[in-house]
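**Q** The structure that follows is given in the form of structure tokens.
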Amino acid sequence: MRYAQIREFDVANGPGVRTTIFVTGCTLGCKNCFNKEYQDFNYGNIWTREQTNEIVKYLKSDIIEGMTILGGEPFDNSEDLVKIVSDIKKETKKNIWIFSGYVFEKLIKDKKNIELLKLCDVLVDGPFVEELKNLRLKFRGSENQRIIDLKKTFEENRIVKYME
């Protein structure tokens with residue numbers, strides 16, 4: 001898996017101060033994607049154990065509330081992310097948000113995606129739709145996107161929103 005950047009401190013992609021990973025590679029190609037260059041699977045650097053250790057170090061700080069995974073498309077990298085997120089979760093109990101251009105209902109049709117979803121706490125799902133763009137929304141760009149509480153969703157076997 002490749003990544004474009006790691007932000008030690010990020011306040012835009014989830015609640016509180018977060019550490020953020022931007023993976024590269026995306027097959028969706030949403031119109032007016034805010035990270036167009038991250039759609040290329042060859043963009044960025046190869047993820048190694050060194051980056052995992054760096055993230056764990058950041059997450060051990062009391063300032064950091066959690067980690068967010070964006071892209072590119074994280075679920076086009078789910079096989080590698082399952083291993084990486086599992087390793088991170090062994091060393092920290094911080095919450096994990098993940099963004100996807102796919103909707104939850106599509107993601108759960110793949111076993112690896114389910115595995116990754118169960119390692120995370122919150123999913124912001126759905127493609128960015130220019131016609132539904134709303135700059136007043138928290139943590140998302142268009143009105144079709146949902147913020148889903150993954151733990152409650154799997155427990156109750158229905159989609160439970162984390163926030164509107």
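The values are calculated or read from the model by the stated rules, or taken from the named source; none is laboratory data. For clarity, every value in this text was computed on a predicted model and none was experimentally measured. All Cβ positions, even for glycine, are placed from backbone atoms using ideal geometry, and neighbour counts span all protein chains on display. Ligands, DNA and RNA are stripped out before the accessible areas are found, and what is left, the full protein with its side chains, is counted by its heavy atoms. Shrake-Rupley method; radii C 1.70, N 1.55, O 1.52, S 1.80 Å.
**Q** Give the ranking of LEU135, LEU123 by solvent-accessible surface, highest area first, calculated with a 1.4 Å probe.
**A** Result, largest first: LEU135, LEU123.
**Q** Positive end of the charge dipole of the chain (Lys, Arg +1 and Asp, Glu -1 on Cβ, about the Cα centre): tell me which of TRP47, ILE64, VAL103 has its Cα farthest that way.
**A** Comparing the listed Cα positions along the dipole, ILE64 ranks first.
**Q** Which whole-Hz couplings ³J(HN,Hα) result when phi for each residue of segment 79-91 is put into the Karplus expression 6.51 cos²θ - 1.76 cosθ + 1.60, θ = phi - 60°, listed in order with x for Gly and Pro?
**A** Calculated HN-Hα couplings, in order: 4, 5, 5, 4, 5, 5, 5, 4, 4, 5, 5, 5, 10 Hz.
**Q** Return the long-range amide H neighbours of VAL160 (sequence gap of 5 or more, or a different chain), with a cut-off of under 5 Å between placed amide H atoms.
**A** Amide H to amide H, under 5 Å and 5 or more residues apart or across chains, VAL160 pairs with ASP149, THR153.
**Q** Between SER61 and THR27, how many nm apart are label points set 7 Å from Cα along the C-beta direction?
**A** Here the modelled spin labels are 3.6 nm apart.
**Q** With a 1.4 Å probe and every protein chain left in place, tell me how much accessible area PHE139 has, in Å² to the nearest 10.
**A** Roughly 40 Å² of PHE139 is accessible to a 1.4 Å probe.
**Q** Another question about this same structure. Which whole-angstrom value gives the distance between the alpha carbon centres of segment 1-77 and segment 99-136?
**A** 15
**Q** In debye, nearest 20: dipole of the chain around its Cα centre with unit charges on the Cβ of K, R (+) and D, E (-)? Each step should come with its number before you reach the end.
**A** Numbers: 27 positive and 26 negative charges, 58 e Å.
For this selection, approximately 280 debye.
**Q** What is the dipole size for segment 54-143, taken about its Cα centre, with +1 at each Lys and Arg Cβ and -1 at each Asp and Glu Cβ, in debye to the nearest 20?
**A** Numbers: 16 positive and 17 negative charges, 67 e Å.
For segment 54-143, the charge dipole is close to 320 debye.
**Q** Considering amide H positions built from the backbone, and no H for Pro or chain starts, which residues 5 or more places from VAL23, or on another chain, come under 5 Å of its amide H?
**A** Result for VAL23 returns ALA4, LEU70, GLY71.
**Q** Under 18 Å from a label point 7 Å along Cα→Cβ of ASP80: give me every residue in segment 1-21 with its amide N that close.
**A** 1-7, 20-21
**Q** Please give the charge dipole size of segment 1-84, origin at the Cα centre, charges +1 on K and R Cβ atoms and -1 on D and E Cβ atoms. Round to the nearest 20 debye. Walk me through the numbers on the way to the answer.
**A** Working: 9 positive and 12 negative charges, 7 e Å.
It works out to roughly 40 debye.
**Q** Sum -39500 (n - 2.57) across every DSSP H segment of at least 4 residues in the chain, then divide by the residue count to get the 222 nm mean residue ellipticity, nearest 500.
**A** Details: 5 runs with 45 residues, N = 164.
Helices in the chain give a 222 nm mean residue ellipticity of -7500 deg cm²/dmol.
**Q** At 1.4 Å probe radius, can you tell me the per residue accessible area of segment 55-164 in Å²?
**A** Values: 5760 Å² over 110 residues.
Result: 52 Å² of accessible area for each residue.
**Q** Computed from the coordinates I sent, Cα extents along the principal axes in Å equals one of (i) 40, 37, 32; (ii) 65, 43, 24; (iii) 41, 35, 26. Tell me the label.
**A** Computed from these coordinates, Cα extents along the principal axes in Å corresponds to label (i).
**Q** Using the structure shown, select from LYS36/LYS161; LYS106/LYS152; LYS118/LYS138; LYS31/LYS118; LYS31/LYS161; LYS93/LYS152 the pairs with a Cα to Cα distance greater than 21 angstrom.
**A** Values: LYS36/LYS161 28 Å; LYS106/LYS152 18 Å; LYS118/LYS138 23 Å; LYS31/LYS118 29 Å; LYS31/LYS161 25 Å; LYS93/LYS152 17 Å.
Pairs exceeding the cut-off: LYS36/LYS161; LYS118/LYS138; LYS31/LYS118; LYS31/LYS161.
**Q** Estimate the FRET efficiency between ASN144 and VAL17 by the formula 1/(1 + (r/R0)^6), using the beta-carbon distance for r and 25 Å for R0, to the nearest 0.05. Provide the component values of the computation, followed by the final result.
**A** Values: r = 28 Å, r/R0 = 1.11.
E(calc), rounded to 0.05, equals 0.35.
**Q** Go ahead and run the numbers for FRET between ASP87 and GLN5, Cβ-Cβ distance against an R0 of 22 Å, rounding to 0.05. Can you show the working numbers first?
**A** Working: r = 20 Å, r/R0 = 0.89.
Calculated transfer efficiency: 0.65.
**Q** Also: Where both residues lie in the chain, what percent of DSSP beta bridges are antiparallel, nearest 5? It would help to have the intermediate numbers written out before the result.
**A** Details: 14 of 26 bridges.
DSSP beta bridges in the chain are roughly 55 percent antiparallel.
**Q** HN-Hα J couplings of segment 61-68 from phi, Karplus 6.51/-1.76/1.60, θ = phi - 60°, integer Hz, Gly and Pro as x?
**A** 6, 5, 5, 7, 7, x, 10, 10
**Q** A follow-up question, please. Kindly state, to the nearest 0.05, the FRET efficiency for ARG49 paired with ASP110, given R0 = 35 Å and r defined as their beta-carbon distance. Kindly include the intermediate steps, with their values, before the conclusion.
**A** On the way: r = 26 Å, r/R0 = 0.73.
For ARG49 and ASP110, the calculated efficiency is 0.85.
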